[in-house]
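Everything on this sheet refers to the single structure shown next.
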Amino acid sequence: MTARATPLLQTKFAVPRGPKAAVARPRLLDMLDAGVEGPLTLVAAPAGAGKSALVSSWVEAGRPPGPVAWLSLDADDADRRRFWRALLEALSRATGDEAIAALAVSPREAVRPDAILSPLVAALDGRDEPVTLVLDDFHEVAGAVHEDLERLVRFPSPALRLVVVTRADPPIALGRLRLDGRLADIRATDLAFTPTEATALFDALGVTLDPDDLALLWRRTEGWAAGLRLAGVSLRRHRHPHDFVEHFAGTDAAVSEYLVSEVLASQPDDLRDFLLRTSIVDLIDADLANALTGRSDGHELLAALEHGGTLIARLDEHGTWHRYHPLFAELLRAELRAERPAELQELHCRAAAWLAANGDDAAALRHAAAGRAWDLARELTINRWVQLLIDGEMRALAPVLDAMPLELVEESPELALAFGGAMLVRGEHASAQRFLSTAEALEHLVLPERRTQFAASLAAVALYEGRLRGDLGSALAATRKLLGRDLVLDGDDVAGGLRVFVLTQLGIVELWSGDLDPATDHLSRAHAGAVERGNDWTALASGSHLALARLFRGEVVRALRHAEEAIALAERRGWTRAEPAGAAYSVQAAVAIQRGHNGDAADLVERAGRALRETRDRPLRGLHALNRAMVAADGGDPESALDILQVARDDIADWPLLAPLEDILVAQEGLLRAAVGEREAARALLERHEREAATSIPVANALARLRLQVADPAAARDALDGHLGPANGDRAGAMPLAARAEAWLLDAIALDAMSEHDDAARSLERSLDLAEPAGMLRPIVTHGSTVRPLLHRQLRRGTAHPAMVGEALDAIERRGAARRAPSLLAEPLSEREQAILQYLPTMMSNQEIAGELFVSVNTIKTHLRAIYRKLDAPGRREAVRRARDLGLMP
């Protein structure tokens, strides 16, 4: 069951019911009203201060300025993925907004909050009224989620009002927020009951006290809500109220003693037993209570506890789900451990079984591990781990991973496989390999009816592990053996989700192995299956890698179509900074580079970089580095471009790369070395690679260019010999289209230099034939003034591509102007100022530009002043016009 369909998990989004005998506290409600006029309201105080009760009463009174999204947090929400899923679900439930409902969190990739925040802010900004998001019990989460809260309040949407309810201040810049007027605080001193409010509380509880006793009680509790309420509950049946007040200290220790000696000890034996047994879980309903106690009257007992003044609160309007007061729950559990240690394992086991049956896998696994109920933990892990992997919830296995005896894991192939997959997700590769080897060795122990799914799961994990290790060949061989034997790809008995997952992983490994034909086939089938099943994540992963496969096969138009579809899906689901989106952006960037769309290419490379920041897929990092280098080179900075490629080489090391990518990387490195004056090193690099891979068109093109630069056209044609025929003879399938178009262009330049003008015209026309359908302008424009006379002559002779030739001539002229422009400025723009300049034609605010570049707004303002001064422009619009006149931007 998914979180959306699970009644237990739905309580996370329900506004808790206020305590019985609630007291109206207008002064605090007014503070909340004022607080939510700004982006952040912090309600911070120790346990029992009445934080949640205050905010829930404010909501019930209808005072928020719009809908309220309530999210009750627990320790499991410290996982960043789980936190963001729950947060988006809460907002979607509260608003009913389709734009918010369409947002999603990547199920397997590392969560990147910026990728979620941008579409979330866009969706919220389209609303007519604000939405209040209440994060209750925020002290339960830590680490990365604290960082995400800071992001949420750093650039808030005007339509989002955040209320954080917590026992401790989150470690964010509260001081700065307070100085900026963006934070409202409600503290323990605010929440403390005044004497008047304490009197009203005791009146509501039906307790009459002498005014002096009430004043003494208020002083001793210092207005602490829990202390006053506990005293009031006890005084209902106390024969000597004055004596009670005299001995009641009102401190944490006194309350703890009171809970044990008064509340718990005063319960009938059967009710006390019920309290102890049910305290083991965080939330309780009648069915779960019956499962834990073996009784059948859970509903009646919960109602009796609620109405009897015991510290229990119902969490929904129907009174189905309840939670003990945190102080009360802690003491009940301590009593349970002290009195009945032998029952703990059984109780945890019952809780785990019930929670698993009702869809809360994370809590079920936690209880199974806590009770050392290893048979149940084994069953839960084996049956749920694949779905947890697909849903991105593998963190739920952590209690079992950390506590289960290894000898139990090593006896079970399915358990070993689950542990191997979990360790891979954790990044513990050595442990993962050990468990995967165990799983393979014990495969014969798998029950016949489970062998097909076991084989498919093992294949998927082995492929993923092979990708991360760079041992693609072994992973492919082992996987194909498994798939062929068990007919996983074609069998009807394999779950569709697992089937497309395996196909996707197989296609990606084949892609990076250079087996482009099977990769294209498997990724196409995976993509079709994922779309048919509505499995958006697999559709994104398979579609983006299918775009890569087609790009390396030379199918530029089809590659671009797949990439555009993948990005549209990523934008719709809020996955624009997930790794598959980075792959799709890289395809778009590569095409934009070859089309000469330098501004678009730079933007797409930047987007790809954000999405690929944490990728462990080194070939993908290599492709991104290639795109970055080509953008830098086309911008007139060969030194930076060469640095990018050299860093990428160190990163890739001996990792296997598919031949087309390796060829282009070598060719670009050679050309860049020549551009920075290292001509001999460039020639040696290219000739060495040519000897090792004689059919490489990109390297042949690079060698031809070097030989043309030293006026040796005949040698240039020798380098191209054998590369101007049909594409199907190229290494590793059809080579990238731009390389084939450039080969014919270089042949034309060489022939023209040899005064063979007719043959040169024919070769140039062949180049245009290849380049124009896909708009490949760069192979022509990159040769600048060298090719300009040939293009003019081709127009006079008559060409089937006059528009393409005209566009190329215009681009060559613009390129020359851009290279000359910096010298027209008395003081050139810095690299950072040039980066900021590219944002000025957009509608982005200074704050949004700062967020994109990860700097402060003040830093952006400082750079803008420098840009305006250097361009002699009074403001943003004039700076853009002046920069375009100088060729500093398209």
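Counting 0.36 nm for each residue step from A303 to A168 and taking away their Cα separation leaves a gain of 45.4 nm. Using the Karplus relation 6.51 cos²θ - 1.76 cosθ + 1.60 with θ = phi - 60°, the per-residue 3J(HN,Hα) values for the stretch 631-641 come to 5, 5, 5, 5, x, x, 10, x, 4, 5, 4 Hz, with x marking Gly and Pro. With R₀ fixed at 51 Å, the C-beta to C-beta distance from R469 to E756 puts the FRET efficiency at about 0.45.
A Förster distance of 60 Å, applied to the separation of the beta-carbon atoms of E564 and A75, puts the FRET efficiency at 0.90. If the chain linking R63 and R616 were pulled fully straight, counting 0.36 nm for each residue of separation and taking away their Cα-Cα distance, it would gain 194.2 nm. In this label model, L406 and A866 are separated by 5.5 nm, measuring between points 7 Å along each Cα→Cβ vector. Between R884 and D650, the simple spin-label model (points 7 angstrom out along Cα→Cβ) gives 4.1 nm. Relative to the longest principal Cα axis of the chain, at what angle does helix 298-307 sit, 0 to 90 degrees, rounded to 10? Relative to the chain, helix 298-307 is tipped by roughly 70 degrees. For the stretch 331-370, the fraction of C-alpha pairs farther apart than 14 angstrom is 47 percent. Computed over the stretch 3-191, the alpha-carbon pair-distance distribution with 5 angstrom bins reads 1, 8, 17, 22, 23, 17, 9, 3, 1, 0, each value a whole percent.
First measure r as the distance between the Cβ atoms of D128 and A102, then evaluate 1/(1 + (r/R0)^6) with R0 = 22 Å and state the FRET efficiency to the nearest 0.05. Working from the Cβ atoms, E equals 0.75.
The angle between the Cα long axis of helix 472-486 and the longest principal axis of the Cα atoms of the chain comes to about 70 degrees, rounded to the nearest 10.
Taking 0.36 nm per residue of separation and subtracting the current Cα-Cα distance, fully stretching the chain between R426 and T196 would add 77.3 nm. Loop-located trypsin sites (Lys or Arg not before Pro) in the stretch 593-666 (DSSP state other than H, G, I, E, B) with a sparse environment of at most 16 neighbouring Cβ atoms within 10 Å: R613, R616.
Taking the longest Cα principal axis of the chain as reference, the axis of helix 876-885 is set at about 20 degrees. Taken along the Cα-to-beta-carbon direction at a fixed 7 Å, the label points for E147 and S296 span 5.4 nm. Remark: C-alpha extents of the chain on the principal axes read 118, 75, 41 Å, sorted largest to smallest.
The numbers here are math on the coordinates, done by the rules we state, and not lab data. This one's a predicted model, so the numbers in the text were calculated from it and none came from an experiment. When we count neighbours, we look across all protein chains shown, and the Cβ atoms used for this are built from the backbone with ideal geometry, even at glycine.
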